[in-house]
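Trainee: Sharing a structure, written as structure tokens. Questions coming.
The values are calculated or read from the model by the stated rules, or taken from the named source; none is laboratory data. Treat the numbers as computed from the prediction; the structure is a model and nothing was measured. Glycine gets a Cβ as well: all are built from the backbone with ideal geometry, and neighbour counts include every protein chain shown. Ligands, DNA and RNA are stripped out before the accessible areas are found, and what is left, the full protein with its side chains, is counted by its heavy atoms. Shrake-Rupley method; radii C 1.70, N 1.55, O 1.52, S 1.80 Å.
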Amino acid sequence: MADLSHSRSAAIAAGSGPRRLFHNLFVRNFSAKLAATPMIMTVLIVFVGCTAWTIFYSFTNSRSLPSGELVGFDQYTRLFSNRRWNASVINIMTYGVTSLCFTMVVGFLLAVFMDQKIRFESAFRTIFLYPFALSFIVTGLVWQWIMNPAFGLQETVQNWGFTSFTFDWLKNRNMVIYALVIAGLWQGTGFVMVLLLAGLRGIDEEIWKAARVDGISTWRTYLFIVLPMMRGVIVTTLVIVGSGIVRLYDLVVAMTQGGPGISSEVPAKYVYNYMFGAGNLGQGLAASSVMLLTVFIILIPWMLIEFRPKHHS
Amino acid sequence: MSNIEASGPKPRSFFTTSRIVTYSVLLIAAMYYLFPLYVMITTSLKGMPEVRLGNIFAPPMEVTFAPWVKAWDSACTGLYCEGLKPGFWNSVKITVPSTIISVLIAAVNGYALVNWRFKGSEIFFTVLLFGSFIPYQVMLYPLVIITAQLKVFGTLQGVVLIHTIFGMPILTLLFRNYFASLPQELFKAARVDGAGFWRIFFEIMVPMSLPIFVVAIILQVTGIWNDFLFGVVFAGTTNYPMTVQLNNIVNSVQGVQEYNVNMAATILTGAVPLIVYFISGKWFVRGIAAGAVKG
């Protein structure tokens with residue numbers, strides 16, 4: 001095979017100069033560009049084109065079909081005076097802050113315990129991570145069943161004799177968002193644990209030796225020496241988890257459908273309902289543009305860390 | 001005997017306080033993570049009278065597979081009573097082509113980005129990575145218009161196209177990083193021998209990158225199988241994937257809720273990614289960690 005290709009390229013090389021040059025240049029660029037065409041199209045049409053389209057039409061009064069009539073910030077004014085949207089924003093912030101704190105703390109603690117040269121490490125990791133392989137629909141439905149007030153955990157514990165025990169978060173307007181947090185944590189903490197454990201393992205063993213020589217206790221070393229050194233991994237994890245939270249949709253649809261009332265509505269669901277259900281496209285597009293802005297704000301600290309060292313070196 | 005001094009480090013007992021604390025914490029955490037799986041399985045094996053007793057911790061007194069049969073074959077989604085069966089096959093029909101196409105495109109693309117850079121290729125790649133953070137809801141409606149124009153809206157091809165598009169950032173990153181870690185001498189030697197773009201790719205790069213293909217396939221199979229949003233928007237009612245069917249069965253408002261059938265349906269839907277996960281083990285970990293490693 002090698003001989004064949006050698007003789008073929010030799011044949012081309014034997015041709016006239018400009019033709020060879022043209023051939024090499026054209027073919028080489030053509031193949032690479034052909035290979036990258038799906039990427040170029042995705043970037044230009046979907047990521048740039050569709051995003052620009054959405055932002056533009058969020059300034060129009062589009063109802064069930066996109067229309068070209070510009071109305072300025074009308075959709076946004078209407079959006080932020082909409083009770084359901086404002087509830088959605090508060091819900092996602094409550095969910096986001098609670099979920100982010102618990103995922104990071106629990107994920108880090110699990111990673112630290114996993115880092116104690118334990119036996120059966122891979123068995124524990126398999127157990128902590130398997131929910132991450134499941135969809136949010138499956139996650140939501142399992143927890144919906146566990147939290148079922150009639151036959152679930154509440155009834156079980158009451159049947160044990162603790163008759164005053166209540167765990168009716170799915171029916172409780174104030175607590176339903178934390179029911180989503182519990183399900184979300186079950187699904188996602190294993191992933192954070194894996195990332196942070198990788199970060200812990202990446203810390204130089206010499207740091208540990210030095211800390212031990214200086215007589216610094218283990219938990220102090222983790223908290224004040226190791227944790228700051230893991231800044232990169234932590235910020236990356238925060239960005240991944242954070243941008244996932246903004247998108248939260250499937251879990252709500254499966255577990256609570258936004259209820260009771262509107263007490264577990266989220267922005268992504270608002271967008272979907274206004275685009276495909278209510279026939280109020282302009283509202284849906286404005287709401288999705290706000291989601292985009294939120295993700296952009298989350299990305300800023302990551303970009304600062306990611307691109308700062310390059311400027312210095 | 002008492003005058004003999006012990007030398008060397010004191011042998012560490014397995015049962016130190018810190019060890020006991022560590023293992024206790026890990027075991028309690030493991031129980032929390034396993035609890036829903038246990039509840040799913042036991043509930044799905046009980047009859048409805050037993051489920052109504054209200055003890056989700058109890059193992060089934062009488063094991064029955066009837067809920068599994070019903071979930072697969074005849075559970076109702078509101079309109080039809082065909083169970084999850086059609087959803088399962090739809091998910092297969094969506095997952096297989098989406099995985100193959102997206103992995104192939106990303107492999108070739110990653111290879112081009114590392115070994116055959118052209119003007120602007122890095123810029124496109126950077127935008128691609130940032131694009132992966134844009135909420136899907138932002139691009140949803142324009143993509144409906146585009147797929148409708150292409151006459152693939154509400155078809156299997158349509159949803160495959162969408163999965164191919166949104167799988168591209170992470171898969172390209174995966175392949176690009178892997179190809180960049182290979183020794184460049186191999187590529188240069190092949191170039192000197194006169195091998196071209198596709199020949200080097202198929203004869204040198206692909207055989208050397210089977211591990212990363214495995215990681216990419218695992219990532220895509222689990223990710224696409226678990227998708228809900230794209231399935232519900234782009235696939236069309238007759239092609240709804242398993243996750244959508246499952247949600248329609250469990251959250252359908254008509255009739256008496258059969259929790260044992262619901263749980264059987266939930267396990268059946270989770271079974272494919274779970275099997276992939278348990279078989280692939282560290283490959284899965286590698287796949288999800290790759291997304292967090294800097295490019």
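Trainee: Under a plain spin-label model, where a point goes 7 Å from the Cα along Cα-to-Cβ, how far apart in nm are B:V256 and B:I28?
Mentor: 4.1 nm
Trainee: Restricting to DSSP H runs of at least four residues, report the calculated mean residue ellipticity at 222 nm for chain A, -39500 (n - 2.57) per run over all residues, nearest 500 deg cm²/dmol.
Mentor: Calculated at 222 nm, the ellipticity per residue is -21500 deg cm²/dmol.
Trainee: Which semi-axis lengths, in whole Å and largest first, follow from the square roots of five times the eigenvalues of the Cα gyration tensor of chain A?
Mentor: 44, 36, 20
Trainee: Using a Förster distance of 45 angstrom, determine the FRET efficiency expected from the C-beta separation of B:V21 and B:F213, and round it to 0.05.
Mentor: Rounded to the nearest 0.05, the efficiency is 0.60.
Trainee: Given the convex hull of the Cα atoms of the range A:69-205, what is a quarter of its surface area in nm²?
Mentor: 13.7 nm²
Trainee: Looking only at the range B:139-178, which residues have a backbone nitrogen under 13 Å from a spot 7 Å from the Cα of B:T238 in the C-beta direction?
Mentor: Backbone N within reach: B:154-157.
Trainee: DSSP H helices in chain A with Cα extent of 27 Å or more along the helix axis and mean Kyte-Doolittle hydropathy at least 0.0?
Mentor: A:17-41, A:83-114, A:176-201, A:281-312
Trainee: Right, here's the next one. Given the peptides A:151-164, B:36-49, arrange them by the average over their residues of other C-beta atoms within 10 Å, most packed first.
Mentor: In decreasing order of mean packing, A:151-164, B:36-49 become B:36-49, A:151-164.
Trainee: What are the semi-axes of the equivalent ellipsoid for the protein assembly as shown, taken as the square roots of 5 times the Cα gyration tensor eigenvalues, largest first, in whole Å?
Mentor: Largest first, the protein assembly as shown gives 42, 36, 25 Å.
Trainee: Could you work out the longest stretch of chain B that avoids the GluC sites (Glu not before Pro) located in DSSP loops with at most 13 other Cβ atoms within 10 Å?
Mentor: B:63-295
Trainee: What's the average, rounded to a whole number, of partner chain beta-carbon atoms within 10 Å of each residue's beta-carbon in B:109-115?
Mentor: 4
Trainee: Taking all protein chains together and a probe of 1.4 Å, list A:W208, A:W143, B:W89, B:W68 from the most accessible to the least accessible.
Mentor: So, going from the largest accessible area down, we get B:W89, B:W68, A:W208, A:W143.
Trainee: Next up: In nm, to one decimal, how far is the B:A148 label point from the A:T77 one, both placed 7 Å along Cα→Cβ?
Mentor: 2.9 nm
Trainee: Right, something else. Mind pulling the per residue volume of the convex hull built on the Cα atoms of the range A:137-176? Å³ is fine.
Mentor: Hull volume over Cα atoms, normalised by residue count, gives 60 Å³.
Trainee: Taking the Cα atoms of the range B:17-64, report the difference between the largest and smallest coordinate on each principal axis, in whole Å and largest first.
Mentor: The Cα atoms of the range B:17-64 stretch 46, 15, 13 Å along their principal axes.
Trainee: Can I ask one more? If you take each beta carbon of peptide A:119-130 and count the beta carbons of other chains within 10 angstrom, what is the mean?
Mentor: Partner-chain Cβ atoms within 10 Å, mean over residues of A:119-130: 5.
Trainee: Using Cα pairs closer than 8 Å and at least 6 residues apart in sequence, work out the relative contact order for chain B, in percent.
Mentor: 29 percent
Trainee: While we're on this one: Looking at A:Q116, A:P267, A:G184, which one has the Cα that reaches farthest to the positive end of the dipole of the range A:78-312 (charges on Cβ: Lys, Arg +1; Asp, Glu -1)?
Mentor: Comparing the listed Cα positions along the dipole, A:P267 ranks first.
Trainee: May I ask you to derive the FRET efficiency for A:L299 and B:L53 from their Cβ-Cβ distance with R0 = 56 Å, giving the value to the nearest 0.05?
Mentor: About 0.65, to the nearest 0.05.
Trainee: Evaluate the distance, in nm, between pseudo-label points positioned 7 Å from the Cα of A:T37 and of B:I279 along their respective Cα→Cβ axes.
Mentor: Using points 7 Å along Cα→Cβ, the separation is 3.4 nm.
Trainee: While we're here: At 25 °C and 0.890 mPa s, what whole-number value in µm²/s does Stokes-Einstein give for the translational diffusion of chain B, with Rh from the Kirkwood sum over Cα pairs?
Mentor: 107 µm²/s
Trainee: Working only with C-alpha atoms, what are the Rg and Dmax values of the range A:49-123, expressed in angstrom?
Mentor: That works out to 22.3, 66 Å for Rg and Dmax.
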